[in-house]
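The structure appears below as structure tokens.
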Amino acid sequence: MTRLYWAMLLIGFCSSSESTIIIIEPGESITLKCSSEGCPPKNDGYAGMYLYHNFIEQKEVYFYGNYANSEIMERPRYEGRIESNGAPMNHNITISNLTVDDSGVYTCVYKESADKGVNCNVYTVFVREVAPCLGQDDLPTSVLVVITCTYLSVLLIIIFILLIVHRVKQRKSCRRLSRSSQQEPDDYVYEVMTKNSLYTLATSPQHS
């Protein structure tokens, strides 16, 4: 998040100037073109070109002197990672094997002296940060909380359904008992009436 915050600040900083934005994956290479053709004022009086990297603070990447038999002086952090083609006033710089720490603003600065120079080319470079693979023991706390809540919710739903089924069965059994209890008096009355009528029929001839 910190790197992303700084990256957003860099975008805001560079939006007011002419800057080329480059988004690249880790391990890849970028080629930056440094040329004095568009630098004000136009002249060939520069002693050399400096390439600066500005992220949290400004650091020098390398120096290329504008004189015969000049060699590129790259800083230790970039040793073996920089290739340059062309003259100091117009050349391409390739930086390979990029990491997230290489993100930032790269500026080609042509200097006439140590205190006098001009910015000619600006590049804003973003190297994507690859998320690490997470194992089962490395799950974030938020993911574990979501999984636990989901499991508990499913368990509560199952218990709720079982309780409803049990109550429905109880109600059905109660209704059956009530119906059977309501039918028994009628049958009993019917039997009593039947017996009484038979008894009356059996005893009626004697009286006659």
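Annotations
- Residues whose amide H lies under 5 Å from that of residue 103, counting only those 5 or more places away or on a different chain, are 127; hydrogens are built 1.01 Å from N in the peptide plane.
- At 1.306 mPa s and 10 °C, Stokes diffusion of the stretch 27-129 via Kirkwood alpha-carbon radius, µm² per second: 114 µm²/s
- Phi angles of the stretch 100-107 translate, via the Karplus equation with coefficients 6.51, -1.76, 1.60 and θ = phi - 60°, into HN-Hα couplings of 4, 5, 8, 5, x, 9, 9, 10 Hz per residue; Gly and Pro are given as x.
- For the stretch 62-103: Kirkwood Rh in Å [reciprocal of mean 1/r, alpha carbons]: 11.3 Å
- Using θ = phi - 60° and Karplus 6.51 cos²θ - 1.76 cosθ + 1.60, couplings along the stretch 155-168 (whole Hz; Gly, Pro as x): 5, 5, 5, 5, 4, 4, 5, 5, 5, 4, 4, 5, 5, 4
Computed from the coordinates by the stated procedures, all read-outs in this text should not be read as laboratory data. Nothing here was measured: the structure is a model prediction, and the numbers come from that model.
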